[in-house]
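Here, each number is a calculation from the coordinates, and none is a lab measurement. Just so it is clear, the structure is predicted and the values come from calculations on it, not from any experiment. Cβ sites come from the backbone with ideal geometry, for glycine too, and all protein chains shown count toward neighbours.
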């Protein structure tokens, strides 16, 4: 009722328990709460609102339990070559707690038995809760895509790697860190041997796959991957090239 709304305003009570708030990110709710503080001295100014992590560039708006944006990333991850998946794992390992907070919350929500892994059934239930209608085959395909070690479950690192924001690949420091990880001799190139070594560390030993990856990435056909070629591979097919144009709550 209107009286109820007015009373809530006077008491500064925001009910985050009713829809759609339970599925809204922690940072989005934090911003709303701070903007509605009845004490003018403690209420955020316009400048402070613009500096809040949910608003500012590269600030993270965590994801809701398997929302459409994350599902899209998971599907995109499935289509990537093995080298790009390994590179994403390296990048995921250097992200800050703040950058992955939303995905961490999502992982916990889906890991209903708190085992530290997401099973096929938990993935299926997570999709169903969001009203996502996928066939059993499609659900299994997503599971197989994220399950890098092939043990039948998705652990925390695998989940972050497969679902993190693709705009992470627009950040120079992340790209350069990943390239240096593979360029063991600091030559400025990833050689065939270094590529083989990197993939072998993640259980990928198929020489045909390695040759295919090299032919796709090595644009100048010199038998090695330079930094520009590596960056081009990482940004190819990126569904979220400009974080300013979209945000996930």
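Going highest first, how would you order 182-191, 141-150 by mean Cβ packing within 10 Å?
Output ranking for 182-191, 141-150: 141-150, 182-191.
Along the Cα→Cβ direction, 7 angstrom out, place labels at residue 79 and residue 149. What is the inter-label distance in nm?
According to this spin-label approximation, the distance is 2.9 nm.
How big, in percent, is the set of alpha carbon pairs in segment 110-182 lying more than 19 Å apart?
45
Translational diffusion coefficient, Stokes-Einstein: compute it for segment 68-241 using the Kirkwood radius over C-alpha pairs as Rh, at 25 °C and 0.890 mPa s, and state it as an integer in µm² s⁻¹.
Calculated translational D: 145 µm²/s.
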